[in-house]
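One structure is given below, encoded as structure tokens.
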Amino acid sequence: MAQKNLGGVHTSPQCEVLSRSGEPIEGLYAAGEVSGMAGGRINGRAALEGTMFGPCLYSGRIAGRAPASRAQ
């Protein structure tokens, strides 16, 4: 049986890393498996090996766009 840890930090749907109190940490974003895929909303409990590549790219796009939009 393979076991997997889905996520290491809690994130908002905008991939902002959340503090223990649930507040976004300013300027800190996470993407891919460490973030649970955009707040844990993409694959959920149905995550399998081979199904992570697309969500990793997608959450990376979200995590990159959020601070880029604030910089403009």
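When peptides 18-29, 60-71 are sorted by average Cβ neighbour count within 10 Å, with the highest value leading, the order is 60-71, 18-29. For residue 26 and residue 70, the difference between the fully extended length at 0.36 nm per residue and the C-alpha to C-alpha distance is 14.7 nm.
Bear in mind these aren't lab numbers, they're just calculated from the coordinates by the rules spelled out. Predicted model, so just to flag it, every value in this text is computed and none were measured. Positions of Cβ are generated from backbone atoms using ideal geometry, with glycine treated the same way; all protein chains shown enter the neighbour counts.
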